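The values are calculated or read from the model by the stated rules, or taken from the named source; none is laboratory data. Every value quoted in this text rests on a predicted model; they were computed, and no experiment measured them. FYI the Cβ positions are ideal-geometry reconstructions off the backbone, even for glycines, and counts take in every protein chain you see. Protein only, heavy atoms only, side chains kept; ligands, DNA and RNA dropped before computing areas. Shrake-Rupley method; radii C 1.70, N 1.55, O 1.52, S 1.80 Å.
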Amino acid sequence: MIYFDSTATTKPTKEILELYNKVSSEYWYNPSSAYNVALKANNLLIKSQNIVKESLGVANHNVIFTSGATEANNLAIFGICNNYLKDTKRIITSKIEHPSVYNVFKRLEEIGFDVIYLDVNEFGIVDLEQLKSSLNKDTILVSIMWVNNIIGSIQPIKEIVKILKDYPRCKLHVDSVQGLGKIKPDFNFNEIDLFTMSSHKLEGIKGSGALIYNNKINLTNHLVGANQQLGIKPGTIDLASSVTCAKTIQNAVKYQSEHFNKVLELNKYLENKIKEIDQIAINTNTKYASPFIFNISIKEFNAETIMHYLEQKEIYVSIGSACGSKTKKPEKTIYAITNDQLLSTTSIRISLSHLNTFEEIDILVDELRNYITK
Ligand code: PMP
């Protein structure tokens with residue numbers, strides 16, 4: 001089996017699975033209970049929060065463990081905007097966000113928020129001039145992803161932080177799912193008001209993630225319940241998921257540069273080989289993108305048929321994103337960068353990870369060539 005879909009998800013490591021099992025069987029008490037064994041479970045939760053803070057250098061941020069990045073993004077964005085329901089304000093995002101951000105903005109637009117969706121250039125980078133001209137004194141939130149999950153474009157978060165310095169009222173939310181632990185940030189996490197991650201993209205557990213936000217922010221609770229996790233994520237704490245989330249972040253940060261360097265070499269090799277095939281259009285500009293994601297379109301061919309052809313050979317790639325691949329609509333990120341209907345319905349995402357090899361790339365490219373020229 002050759003797996004080129006680590007953007008969609010990854011296999012949890014043995015270490016993480018064992019830790020999950022251990023915490024589930026030995027610390028199964030409710031961390032909110034008042035007796036000693038439960039207090040031990042709660043201490044483990046606090047320890048996990050501290051591991052996240054230390055790994056990312058965010059001593060003054062709160063760490064909320066969630067059921068993944070979708071929930072974390074919802075809690076962050078609604079958590080800011082719920083303060084302004086009577087007095088709806090301007091909020092800004094981009095046209096290429098993951099649905100767990102983009103569709104939240106659509107919902108907020110429906111209920112009266114003044115929403116700006118920033119354009120991106122042909123490399124999938126947000127238009128900073130448009131951002132500057134869209135900001136006003138009533139802007140309360142900017143949400144821009146760090147790394148796009150379809151083409152891998154890296155957004156200029158450092159520049160955005162700088163621009164927002166003139167708008168102290170406006171908070172910055174960064175969906176860090178495809179960046180954190182994969183590429184080196186050119187910003188400090190403690191400069192980001194709110195950011196989110198997902199464990200299963202980093203060899204962690206599915207249904208596990210985190211919202212990490214500056215403790216000076218008055219975040220309202222979008223979910224309504226008891227007061228676990230500052231009331232932001234009420235409900236009995238999933239300790240095994242929280243502990244393994246912290247370990248996943250710690251490991252990802254520890255091995256980030258080692259994995260990055262390996263993936264960068266794989267990416268260069270893949271790009272050079274793909275460039276030899278005339279029928280393939282490359283949607284990712286590797287100069288501006290994470291090496292973990294490489295997106296192509298093969299115009300004359302149906303992407304779904306190619307995906308299934310590769311599947312028969314036990315090679316797994318994605319069409320669009322895994323979240324959207326069951327819909328036949330044009331891929332919005334590819335459309336935003338190409339303005340081309342055909343390119344955006346024929347895109348294939350090849351994801352690379354530190355577990356892939358040059359030989360696997362040879363096999364993939366040979367099979368693509370066979371398919372196209374047969
Ligand atoms: N944001 C981005 C950029 C993603 O790639 C994903 C996962 N596809 C998510 C958010 C949602 O993460 P989760 O699966 O943990 O809800």
(message) Can you tally the net charge around residue 346? Count Lys and Arg as +1, Asp and Glu as -1, for every other residue whose Cβ sits under 11 Å from the Cβ of residue 346.
(response) -3
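Enumerate by residue number the trypsin sites (Lys or Arg not before Pro) in the stretch 53-94 meeting two conditions: DSSP loop (anything except H, G, I, E, B), and at most 15 other Cβ atoms within 10 Å of the site's Cβ.
86
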(request) Go ahead and run the numbers for FRET between residue 107 and residue 278, Cβ-Cβ distance against an R0 of 45 Å, rounding to 0.05. (result) 0.55
(request) Quick one: work out the % antiparallel among DSSP beta bridges in the stretch 14-254, nearest 5. (result) 50 percent
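Using DSSP to define loop residues, name the chymotrypsin sites (Phe, Trp or Tyr not before Pro) in the stretch 1-82 whose beta-carbon has at most 10 other beta-carbon atoms within 10 Å.
Qualifying residues, ordered by number: 35.
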(request) Provide the three semi-axes, in whole Å and in decreasing order, of the ellipsoid equivalent to the stretch 102-188 as defined by the square roots of 5 times the Cα gyration tensor eigenvalues. (result) 21, 16, 13
(message) For the pair residue 302/residue 264, report the inter-label distance in nm, with labels modelled 7 Å from Cα in the Cβ direction.
(response) 4.1 nm
(request) Place a +1 charge on the Cβ of each Lys and Arg in the stretch 14-254 and a -1 charge on the Cβ of each Asp and Glu, then give the dipole magnitude about the Cα centre in debye, rounded to the nearest 20. (result) 520 debye
(message) Can you return the aspartates and glutamates within cross-link range of residue 89? Criterion is Cα-Cα under 12 Å, with same-chain partners fewer than 8 residues away left out.
(response) 109, 114, 138
(message) I'd like the FRET efficiency for residue 329 and residue 33, computed as 1/(1 + (r/R0)^6) with the beta carbon distance as r and R0 of 30 Å, rounded to 0.05.
(response) 0.05
(request) Take every Cα-Cα distance within the chain, group them into 20 Å bins from 0 onward, and report for each bin the whole-number percent of pairs it holds. (result) 29, 56, 15, 0
(request) Would you look at the GNM of the chain, springs on alpha carbons closer than 10 Å, and say which of 260, 187, 105 moves the most? (result) 187
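Using the membrane-span-like helix rule (whole DSSP H runs, Cα extent along the own axis of at least 20 Å, mean Kyte-Doolittle hydropathy at least -0.5), which helices of the chain qualify?
Helices passing the filter in the chain: 36-56, 239-275, 358-373.
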(request) Extending each Cα 7 Å along its Cβ direction at residue 14 and residue 40, get the distance between those two points in nm, one decimal. (result) 2.7 nm
(request) Find the centroid of the Cα atoms in the stretch 1-33 and in the stretch 279-319, then give the distance between the two in whole Å. (result) 29 Å
(message) Given the -39500 (n - 2.57) contribution per DSSP H run of 4+ residues, what per-residue ellipticity at 222 nm results for the chain, rounded to the nearest 500 deg cm²/dmol?
(response) -13000 deg cm²/dmol
(message) Solvent-accessible area of residue 222, probe 1.4 Å, all protein chains present, reported in Å² to the nearest ten, please.
(response) 70 Å²
(request) Please list, or write none, the lysines whose alpha carbon is within less than 20 Å of the alpha carbon of residue 47, excluding same-chain residues fewer than 8 places away. (result) 22, 233, 247, 254
(request) Quick one: pull the percent of accessible area on the stretch 14-254 belonging to carbon and sulfur, 1.4 Å probe, ligands and nucleic acids left out. (result) 49 percent
(request) Be a star and scan the stretch 231-264 for residues whose amide nitrogen sits under 17 Å from the point 7 Å along the Cα-to-Cβ vector of residue 354. (result) 245-264
(request) Can you sort 119, 278, 87, 5 by 1.4 Å-probe accessible area, starting with the largest? (result) 278, 87, 119, 5
